[in-house]
Structures are given as structure tokens and as C-alpha cells.
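Written below as C-alpha cells is the structure these notes are about.
The values are calculated or read from the model by the stated rules, or taken from the named source; none is laboratory data. Note that this is a predicted model, so its numbers are computed, not measured. Positions of Cβ are backbone-derived with ideal geometry, glycine not excepted, and every protein chain shown enters the neighbour counts. Quick note on the areas: whole protein, heavy atoms, side chains included, nothing else; ligands and nucleic acids left out. Shrake-Rupley method; radii C 1.70, N 1.55, O 1.52, S 1.80 Å.
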Amino acid sequence: MEVLFDDDRLDRLEIDPEYAAGWSQPVVRAYRRRMQVIRAAPDERDFYNWKSLRFEKLKGKRKHQHSMRLNDQYRLIVELMKDNPQGTVVKIIGIEDYH
């Protein structure tokens, strides 16, 4: 699946093994694993099928976004952009603390 980043630091966090962007190592490892899943998925239906991702549509002013669990505390926030000729593009918005 095609991926875009809202913040260049998130792009660097995925590819630079020395860069942690201030996050703890468990969060960075979980983020990199989620990015592998996102890139390997043919479309968003796979996200719903993997129950461990806890892929959920958000509500309210964020109803156009989804979240994936990184660990008990942090979520990866994404937007699905379906109006592209390449198919669905996932835009990585950020890592957020839900507590």
C-alpha cells in the first residue's frame, strides 16, 4: 500500500535505525512493525481482519481518521485517502497518547 507522511520525522522514524524522535524503544519498534503491516497490506480490509491492530474509525472532529494500537498507551493515527488512481493511500498523521 502507498504511504504518505504528515510529518517528515515519522518517515525518518521508519527508516533510520538510529533515530527515535524522543519515543521509547518499545514504541519505536511497534511503530516500525505497524509500518511493515501497512506497506504489505493490499487494502484496508486487512487492517480490520487483524484483530491485534485494533484498527478503529475515530469519532467527532476526527471521523475521517483511524487509529491502530502500538501498545496499551499509544496509537498510530492514519487517514485513508481513497480518491487516488493507485488505490488507497495511507497518510500517517502521528503517534498519540490516549491516556
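Things to note:
- Using the Cβ-Cβ distance between Lys61 and Thr88 with R0 = 22 Å, the FRET efficiency computed as 1/(1 + (r/R0)^6) comes to roughly 0.50.
- In Å, descending, principal axis extents of the Cα set of the chain: 34, 28, 25
- Euclidean distance between Cα centres, segment 1-48 to segment 57-99, Å: 12 Å
- Å² per residue, accessible surface of the chain at 1.4 Å: 63 Å²
- Within segment 54-73, backbone nitrogen closer than 19 Å to the virtual label 7 Å beyond the Cα of Leu80 toward Cβ: 54-70
- Carbon/sulfur fraction of accessible area - the chain, other protein chains in place, 1.4 Å, %: 47 percent
- Excluding exposed DSSP-loop chymotrypsin sites (Phe, Trp or Tyr not before Pro) (at most 15 other C-beta within 10 Å), longest clean stretch of the chain: 51-97
- The chain: angle of helix 25-40 to the longest principal axis, Cα-based, in degrees nearest 10: 30 degrees
- For the chain, the 222 nm mean residue ellipticity estimated from helices alone, with every DSSP H stretch of n ≥ 4 adding -39500 (n - 2.57) and the total spread over all residues, rounds to -8500 deg cm²/dmol.
- The region of the chain that goes longest without hitting one of the trypsin sites (Lys or Arg not before Pro) in a DSSP loop, each with at most 12 other Cβ atoms within 10 Å, is 1-53.
- For Glu79, neighbours were defined as the other residues whose beta-carbon sits under 9 Å from its Cβ, and their charges (Lys and Arg +1, Asp and Glu -1) total 0.
- Distance between modelled label sites at Ala40 and Gln25, nm, 7 Å Cα→Cβ extension: 2.3 nm
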